Amino acid sequence: MGVGHSSLSSCSVDSLCITAFIAQPKTTSFSNSNRQKPLFPTKKQSPFAVLKIGTLNCARVAGEMEIEKGIAAAGKPIVDRHGIDDGLIQKIVYDALVWSSLHGLLVGDRNDQRSGKLPGVGMVHAPIALLPTSFPESYWKQACELAPIFNELIDRVSLDGKFLQDSLARTKKVDAFTSRLLDIHSKILEMNKKEEIRLGLHRSDYMLDEKTKLLLQIEFNTISSSFAGLGCLVTDLHRTLLNDYGEDLGLDSKRIPGNTATGQFAEALAKAWTEYNNPRAVAMIVVQTEERNMYDQHWLCTLGITYNVRTIRKTLAEIDSEGQLLPDGTFLVGGQAVAVVYFRAGYAPIDYPSESEWRARLLMEQSSAIKCPSISYHLAGTKKIQQELAKPNVLERFLESKEDTAKLRKCFAGLWSLVDSDITKKAIEKPELFVMKPQREGGGNNIYGDDVKETLLRLQKEGSEEDAAYILMQRIFPAVSPTFLIRDGICRKDHAISELGVYSAYLRKMKSLVTSFEMDFTSLKLYPFTLNISHFGCTGESPVCTCRNKESVIMNDQCGYLMRTKVSSSNEGGVAAGFAVLDSIYLT
């Protein structure tokens, strides 16, 4: 990433340092190859270095909002944020830090070795934007409307084992991690195991392209869709700050949409637990060995308070050591039956340092526990499947509604396989217009700028099949706006771009109906009442009817949002990886 530096006036240890604003161009810098260095310095570096790196249901949100007409056009700030008096900014920053500390808007401090293992040790406020980012209401509604359609699409894709295996076949040859996931998927297919209850807690990420004025999807996350907990808190923080300082800033707290991602995710997990129908079973959260984002995860433990569902946290290694699969499919961990497995780990190769972790993943997939996500849902969220779904006529394979497919296609950015020689040639000629993506989650993995060109030329020269490990994606250029970013108690002025993530929950259960129903119609005359054959699970009009298994959707909802903001010259965007901050949206 491009990194610039500027001299700063010194400030006392207990004061807030607001860095001098240096004008930034309206385009993103692509030239510097140091793109994976976090935006903010660690405490070993100078804390004063200026780093210039580049709902709820929508109807309810609309009813809640009281948006006036004549607000500034999309992408333009409502107020000159960098023109706000520094004294006022310092007051707001102080209040924001106090609020964050009191309300659990926290992450583990990387400088404390115990912060990723013990709660309450080595805590620091989460990286945040001081004020919400402007976002056009029409695009917000569009993103909300897309959520249940994407949920249905991913569910149907997950059921097509042949499509998943065929689409990832070339990738399997060159990507060891994807290959292991596909091997587990193949074993589940060979078992002919059906997931009678399917649960997905998803997040679809978008950017608003400044040139085309289109809301374009970046990716769809089916595993470990993080920051539902902390994202809700940032929304509450910004509403509180605008209630206190809105008149001074010219901002109205009512224009920040409500965010109940935590409650709705907890509700979905609780409903899945209920459907499993074992009141003694637990919900298990699969976590990394060291998890500095544990507080975001702990916010979902309202399961125990609100729904009386006990939760346990286990690493993959612990699951391998303590896990047991009973003949009837019941999954025990430490002697406790597990109803729901919620993955907040297992999405990256680093989570599988040995065969122990892979054994644990397979054991869980073989069980009757509800997996969030199952191995098929996990694969359905890969970059390669995203690219395959963007091909002509592929969406129609999974969705009947022409209206729904049109809505999805409208938000698709350009996506291509590297076997497309024409696109590859264009990417070499103009690498700044493309992003090269491997089959990885978690941020910090993509290839940008001149690195795209160099990588493509290397692959062509080697003539290997390594190109199957990547896809090419159209580069999105969102509007740049002034903002204030806070990390480690230090507030910085900068120019920034933002990414909107919309959470959604999907829960579907297979209903086993009577497969055959036969009765002598004349015998009904012997009964002094009318016999309704639908009582037998039959929907046919004839008393002799053959029915097939049917399914019911228990939950398919949009569940709040996550706004992430990063300085405009940054390529990567992960909060946990150190590239971005948590934010909320201000509807315009």
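The per residue volume of the convex hull around the alpha-carbon atoms of region 371-411 is 86 Å³.
Given a 1.4 Å probe and the protein chains as shown, M191 ends up with an accessible area of around 90 Å².
My understanding is that a pair violates if its Cα-Cα distance is over 23 Å; which of K391/K437; K172/K314; K213/K384 do that in this structure? Where the Cα-Cα span goes over 23 Å, the pairs concerned are K172/K314; K213/K384. Among the GluC sites (Glu not before Pro) in region 393-490, those placed in a DSSP loop whose Cβ has at most 15 other Cβ atoms within 10 Å are E400. Would you mind checking K430/K566; K371/K410; K425/K566; K194/K511 for any pair whose Cα atoms are more than 20 angstrom apart? In this structure, K430/K566; K371/K410; K425/K566 lie more than 20 Å apart at Cα.
The Stokes-Einstein estimate for region 262-371, based on a Kirkwood radius over Cα pairs and taken at 25 °C with 0.890 mPa s viscosity, is a diffusion coefficient of 175 µm²/s. Could you tell me the distance between the Cα centroids of region 175-195 and region 419-493, to the nearest Å? Here the answer is 29 Å between Cα centres. In terms of Cα atoms, the Rg and Dmax of region 182-312 work out to 19.3, 64 Å. Model label sites at S101 and E355, defined 7 Å from Cα along the beta-carbon direction, differ in position by 5.1 nm. Using all pairs of distinct alpha-carbon atoms, the Kirkwood hydrodynamic radius of region 428-473 works out to 10.9 angstrom.
Label zone of D328 (point 7 Å out along Cα→Cβ, amide N under 14 Å): in region 354-374 this covers 368-369. Against the criterion of solvent-accessible heavy-atom surface with a 1.4 angstrom probe, D244, D109 sort, most first, into D244, D109.
Note on region 151-201: Kirkwood hydrodynamic radius from all Cα pairs is 11.9 Å, rounded to one decimal. Computed over protein heavy atoms with a 1.4 angstrom probe, the accessible surface ordering of E291, E247, largest first, is E247, E291. For the residues K509, K566, a 1.4 Å probe over the protein chains yields an accessible-area ranking, largest first, of K509, K566. In a fully extended conformation the segment linking S253 and I312 would gain 17.5 nm over its present Cα-Cα distance, using 0.36 nm per residue.
Of the trypsin sites (Lys or Arg not before Pro) in region 129-230, the ones in a loop by DSSP (not H, G, I, E or B) with at most 16 other beta carbons within 10 Å are K193, K194, K211, K213.
The values are calculated or read from the model by the stated rules, or taken from the named source; none is laboratory data. Note that this is a predicted model, so its numbers are computed, not measured. Please note: Cβ atoms are built from the backbone with ideal geometry, for glycine as well, and neighbour counts cover all protein chains shown. Remember, those area values only see protein heavy atoms, side chains included, never the ligands or the DNA or RNA. Shrake-Rupley method; radii C 1.70, N 1.55, O 1.52, S 1.80 Å.
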